[in-house]
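Chemist: If you scroll down you'll find the structure; I have some questions about it.
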Amino acid sequence: MKAIELQAFGLDGLRMVDACEPDPPPGHVTLRLHAAALNFRDLEILEGRYGMPVRLPCMPLSDAVGTVTRIGPGVTEWREGDRVNPLFFPDWIDGPFHPCYFARQLGGNHPGVLRQAMTAPANAIVRAPRHLGDEAATLSVAALTAWAALTDAALQPGQTIVAIGSGGVALFALQFARMFGVRAIAVTSSAHKIPQLLAAGATTAVDSRAHPDWGMEVMRLTEGVGAHLVLETGGSATFSESVRALAPGATMAMIGYVSGPLLEMDLRQVFIAKRARLHGHTVGNARQFDAMNRALEAHGIVPLVDSVHPFIDAAAAYRRLASGTSVGKVLVKLD
Ligand SMILES: NC(=O)c1ccc[n+]([C@@H]2O[C@H](COP(=O)([O-])OP(=O)(O)OC[C@H]3O[C@@H](n4cnc5c(N)ncnc54)[C@H](OP(=O)(O)O)[C@@H]3O)[C@@H](O)[C@H]2O)c1
């Protein structure tokens with residue numbers, strides 16, 4: 001089979017290599033992979049600026065869909081032909097997160113999915129939604145993180161969420177918000193993407209360039225109540241306004257920092273007065289992933305795909321995501 005390795009940081013460091021077709025050991029299955037999807041993290045890994053150690057050569061990307069082709073000894077829960085998604089944290093099956101799970105993350109410090117076949121522990125894969133084709137490759141990180149943020153916040157119908165930007169996490173959050181019957185305010189720095197955010201599930205969209213104080217705009221749009229959940233993906237450029245946008249007792253889901261990880265803010269700000277909760281997120285576990293896939297299936301939700309790139313030109317997928325112009329997930333076709 002063919003695989004792509006990152007042998008040096010930067011796009012030129014991506015190299016197609018020949019690799020062995022894996023043989024499934026006891027408790028494992030072999031998957032033929034059909035498609036993989038990129039996340040913001042994959043750009044950071046490519047550029048050598050990921051927040052966690054990555055040793056080269058590394059096999060990049062974590063999100064994929066594949067078909068079970070071989071069953072290892074002792075595996076009873078899977079059959080050849082089952083379509084599945086591998087887990088981002090192959091050791092996090094259920095229960096709360098433990099830092100030991102960081103020891104193995106697909107596409108970082110553990111071989112990823114930019115290859116035509118892989119072997120996975122039988123409990124580190126979940127059944128892909130039956131109604132999806134290659135779009136199912138988009139689910140492992142961005143979708144599951146949005147799902148965990150919305151479900152952990154135990155939102156009530158009619159409450160409001162804020163999703164920042166038009167990236168993978170935000171788009172899935174908008175789709176899930178519509179499914180849960182909660183109101184979703186999209187905050188974007190790219191006004192031209194507003195029609196797509198509204199189509200995805202946003203009830204309203206705010207142009208953060210026209211409204212740098214967009215937290216106040218969220219307050220205005222919610223008649224002074226504020227948002228019950230803000231999915232904070234912006235980091236240093238958005239955190240203060242995210243705080244301002246919160247309703248009393250609301251949750252700030254700490255997910256990412258696309259504009260930078262460092263904060264300087266006035267602690268006299270509304271955070272304490274609002275009795276807000278900070279909830280850090282690390283994708284999700286197998287149980288949550290399976291629940292999400294069943295919900296996607298029940299509601300017929302189809303992830304938004306921006307573009308699909310051929311395996312031999314995986315670099316084009318990275319370039320597309322780095323351009324900042326994509327709306328929807330960027331895929332690499334593997335077969
Ligand atoms: N903790 C976790 O488990 C977890 C899981 C998934 C992702 N993440 C993190 O969450 C963040 C978002 O991930 P993603 O995959 O959704 O990213 P993405 O698809 O690359 O999208 C990022 C979006 O952020 C907005 N943006 C870009 N630069 C910005 C800036 N300087 N200031 C404000 N907004 C900016 C853009 O939207 P507009 O053009 O609309 O403004 C862009 O589309 C990343 O930091 C990622 O690493 C964390």
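Chemist: Please find, among LEU155, LEU171, the residue that is surrounded by 17 or more Cβ atoms within 10 Å (Cβ to Cβ) and either outside any helix (DSSP H, G or I) or more than 12 Å from the ligand (Cβ to nearest atom) (or both).
Modeler: Of LEU155, LEU171, the one residue that is surrounded by 17 or more Cβ atoms within 10 Å (Cβ to Cβ) and either outside any helix (DSSP H, G or I) or more than 12 Å from the ligand (Cβ to nearest atom) (or both) is LEU155.
Chemist: Working only within the range 158-168, note down all residues that are away from the ligand (no atom under 14 Å from the Cβ) and not aliphatic (A, V, I, L, M).
Modeler: If the condition is that a residue be away from the ligand (no atom under 14 Å from the Cβ) and not aliphatic (A, V, I, L, M), then GLY158, GLN159, THR160 are the ones that fit.
Chemist: Mind checking whether some residue in the range 105-124 is among the basic types (Lys, Arg) and surrounded by fewer than 21 Cβ atoms within 10 Å (Cβ to Cβ)?
Modeler: No, the range 105-124 contains no residue that is among the basic types (Lys, Arg) and surrounded by fewer than 21 Cβ atoms within 10 Å (Cβ to Cβ).
Chemist: If a residue has to be hydrophobic (A, V, I, L, M, F, W, C), open to solvent by 30 Å² or more (accessible area, probe 1.4 Å) and either touching a residue at least 60 places away in the same chain (Cβ under 8 Å) or within 16 Å of the ligand (Cβ to nearest atom) (or both) to count, how many in the range 11-50 make the cut?
Modeler: Qualifying residue count, the range 11-50: 4.
Chemist: Select from the range 314-333 the residues that are away from the ligand (no atom under 11 Å from the Cβ) and over 17 Å from PRO303 (Cβ atoms) and list them in ascending order.
Modeler: If the condition is that a residue be away from the ligand (no atom under 11 Å from the Cβ) and over 17 Å from PRO303 (Cβ atoms), then ALA314, ALA315, ALA316, TYR318, ARG319 are the ones that fit.
Chemist: Starting from the range 120-132, keep only residues that are more than 9 Å from ARG83 (Cβ to Cβ), then list their pairs with residues that are assigned to a loop (DSSP other than H, G, I, E, B) and hydroxyl-bearing (Ser, Thr, Tyr) whose Cβ atoms are within a distance under 9 Å, requiring at least 6 positions of separation or different chains.
Modeler: From the range 120-132, the pairs are ALA122/THR76.
Chemist: Among the residues of the range 14-46, write down those that are assigned to a helix (DSSP H, G or I) and within 16 Å of GLY256 (Cβ to Cβ).
Modeler: Selection gives PHE40, ARG41, ASP42, LEU43, GLU44, ILE45.
Chemist: Return the pair list, or none, for Cβ contacts closer than 6 Å from residues in the range 224-237 that are closer than 13 Å to ALA250 by Cβ to residues that are part of a strand (DSSP E or B) and within 9 Å of the ligand (Cβ to nearest atom), at least 6 apart or on different chains.
Modeler: LEU231/ALA253; GLU232/MET254
Chemist: Oh, and also: Kindly evaluate MET265 against the criterion of being within 16 Å of the ligand (Cβ to nearest atom), open to solvent by 20 Å² or more (accessible area, probe 1.4 Å) and either over 30 Å from VAL332 (Cβ atoms) or not in a helix (DSSP H, G or I) (or both).
Modeler: When the stated conditions are applied, MET265 passes them.
Chemist: Now a separate question. Determine whether GLY133 is surrounded by fewer than 24 Cβ atoms within 10 Å (Cβ to Cβ), assigned by TED's automatic domain parsing to the domain that holds HIS28 and small (Gly, Ala, Ser).
Modeler: Against the criterion (surrounded by fewer than 24 Cβ atoms within 10 Å (Cβ to Cβ), assigned by TED's automatic domain parsing to the domain that holds HIS28 and small (Gly, Ala, Ser)), GLY133 qualifies.
Chemist: Let me ask something additional. I'd like to verify a number: residues in the range 197-206 that are within 13 Å of the ligand (Cβ to nearest atom), more than 14 Å from GLY234 (Cβ to Cβ) and either over 19 Å from the mean Cα position of the chain (by Cα) or of a type in the set (Phe, Trp, Tyr) (or both), how many?
Modeler: Final tally of qualifying residues: 2.
Chemist: Which is within 16 Å of the ligand (Cβ to nearest atom) and either surrounded by fewer than 24 Cβ atoms within 10 Å (Cβ to Cβ) or not assigned by TED's automatic domain parsing to the domain that holds GLN159 (or both), of ILE194, ILE185?
Modeler: That would be ILE194, the only listed residue that is within 16 Å of the ligand (Cβ to nearest atom) and either surrounded by fewer than 24 Cβ atoms within 10 Å (Cβ to Cβ) or not assigned by TED's automatic domain parsing to the domain that holds GLN159 (or both).
Chemist: Take the conditions in the same structural domain as GLY167 (by TED's automatic domain parsing), at pLDDT 95 or above and in contact with an Asp or Glu (Cβ under 7 Å, 6 or more places away or on another chain) and apply them to VAL206. Does it pass?
Modeler: The answer is yes for VAL206.
Chemist: Within the range 53-87, how many residues turn out to be among the charged types (D, E, K, R) and surrounded by 13 or more Cβ atoms within 10 Å (Cβ to Cβ)?
Modeler: Residues in the range 53-87 being among the charged types (D, E, K, R) and surrounded by 13 or more Cβ atoms within 10 Å (Cβ to Cβ): 4 in total.
The values are calculated or read from the model by the stated rules, or taken from the named source; none is laboratory data. Since we're looking at a predicted model, the values are computed, not measured. Ideal geometry is used to build each Cβ from the backbone, glycine not excepted, and the neighbour counts take in all protein chains shown. Accessible surface is based on the protein model in full, side chains and every heavy atom, while ligands, DNA and RNA are left aside. Shrake-Rupley method; radii C 1.70, N 1.55, O 1.52, S 1.80 Å.
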